[in-house]
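Report on the following structure.
The values are calculated or read from the model by the stated rules, or taken from the named source; none is laboratory data. The shown structure was predicted, so the numbers you read here are calculated from the model rather than taken from an experiment. Virtual Cβ from ideal backbone geometry, glycine too; neighbours counted across all protein chains shown.
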């Protein structure tokens, strides 16, 4: 009996314990709902909603005439809401088979069965944000809008296109490192220098958590729209850039050089009109991978002799006709022997001639004689010219210039003579060019200029002015003398192979041995590495542009600056002279000076026209379309290329040719007038959609 009583007591105890537990749970539920309910409801709302940034459309980077160098092209991410609440079973079952087939045909990346299986799986899981395809173009988007189910839109067909943007360069790799790009969040070139202006201001969008953990945008009146980025108008001239890039590339390919750079600067302003940096890849192709013009600070070699000669002239240490004895072309300084490039030397020559033929022995002797007891005076003169100061470019990564000081522990008995010919100092190609440009600009050193304007929605909001960074690197008398010496280099010296009877050129060759960290001035294979360069300006009597060309480590038998770099300079200067400079040439026959030039047209038609005249044709083009420039008794043909999806430039063409080019490009043409095209409604170089209309006006 007692056992039964104990069992009943235990049962009651358990019963009451369960009742108390239930009452506690009930009390807690009521407490959470009544007292803490608002807090938990807010947490639930926050965990199911979030604010997402909307990227602004990045601004364009344009050439000096407004043509696009870098632009943001819209691309789309296609998503689909496959829940029953949006796409009914009837709509889904009727259209899914056709939708899968059309998706397979449009994108060609999967079979119909593959698309169908993925869509059915997403439908089974009630996926509200299923990814159909990334990086969809605008034309593909327009096609998708007509597909079964998708044509019903967002609220009945679950069609969710999300707009993104992709950076593109219409001219592909042209000036790529200077224009810049983004790699893993790091921006280089102008893209990085003007990142804040180009990026614009992000917008804000409310997102809702959907099935499967995906986030879906909510149409909200409070959504903050982004403010698109501003546009940059650069100093780059597309025609000059094309000339520079092709001239440099051909020489690099011929010499199988490791890399090369070429830059064109406008003398009076410092505007960089063209800049190319090409590196040889393992495949043998050349690409823009590093901005050598801006970033590589190395020993310039003989182009530095200009600074040495200016210092000598400024300090009154030498006269141009003073004699210097170079002997058999070698001289010992302490424990090192310096040699001239010419076997047997130049004998006794003037200081002017030593500069023209780039005599290491001659120039070094002049400097050592003048400054051996006071080398600091020589170094201070170099620094007074600004050669130890960076240019402070907006593009990051500028190489630091270096002028060894006599107080430095590294200074020795060979420092002064070797510095005089460009060793033991470091300059970037752009720093060297700026120095030579100052000579052409009557002593004023200009800061290299890459951007002219910042615009927003076509309106100029900031205009940049040329900056003078050194008002005078030398006296006018010194500059006049050194100007004559630079002309002498081309007329009688190491660059006489590029002499032109049409216009004068002033410049200096450079052939520097390249030091290797472990092997001195020989590489690991025992072969000497060279850096060939030429820097100068033209027309020398009316300087318009200065140019530097540097070719690093050529692999052929030619390696000097006069043999490799100077011809590239000449090709560039010839083409710029023919197309950009109005240079008077009196004294030619009236008929020849009246030969017509044509901006655009069919190359065969031009050949037929010019065959009727007694003139010289420079015609090495392969394209069907051409531009011609007639100068005196010579007519030069330049290739005319048209880039897909960009509006062709037909100004200057006849109606037949203009119609052919524009309609082949995919444009519908309307016209008025007769003669040749003088105006077109769509700006050359802008992107268009096939079927767009263009209006051309003839004169």
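To keep it simple, each residue is scored yes or no on (1) buried (at least 16 other Cβ atoms within 10 Å of the Cβ); (2) closer than 23 Å to residue 659 by Cβ; (3) in the same structural domain as residue 242 (by TED's automatic domain parsing).
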position: 606; (1), (2), (3): yes, yes, no
position: 616; (1), (2), (3): no, no, no
position: 623; (1), (2), (3): no, yes, no
position: 630; (1), (2), (3): yes, no, no
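Please enumerate the residues belonging to segment 101-128 that are more than 27 Å from residue 689 (Cα to Cα) and in contact with a helix residue (DSSP H, G or I) (Cβ under 7 Å, 6 or more places away or on another chain). Reasoning before the result, please.
The initial filter retains those residues of segment 101-128 that are more than 27 Å from residue 689 (Cα to Cα), namely 110-128.
Once the filter is applied, which keeps residues that are more than 27 Å from residue 689 (Cα to Cα) and in contact with a helix residue (DSSP H, G or I) (Cβ under 7 Å, 6 or more places away or on another chain), segment 101-128 yields 110, 111, 112, 115, 116, 119, 123, 125, 126, 127, 128.
With the condition being touching a residue at least 60 places away in the same chain (Cβ under 8 Å), I'd like the helices (runs of 4 or more DSSP H) fully within segment 108-170 carrying at least 2 qualifying residues.
138-144, 154-157
Please give the number of the condition residue 315 fails out of (1) in contact (Cβ under 8 Å) with a residue 12 or more places away in the chain; (2) within 41 Å of the chain's Cα centre (by Cα).
Every listed condition holds for residue 315 apart from (2).
One line per residue, one yes/no per condition, for (1) buried (at least 24 other Cβ atoms within 10 Å of the Cβ); (2) part of a loop (DSSP other than H, G, I, E, B):
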| site | (1), (2) |
| --- | --- |
| 289 | no, yes |
| 309 | yes, no |
| 317 | no, yes |
| 320 | no, yes |
| 355 | yes, no |
| 362 | yes, no |
| 365 | no, no |
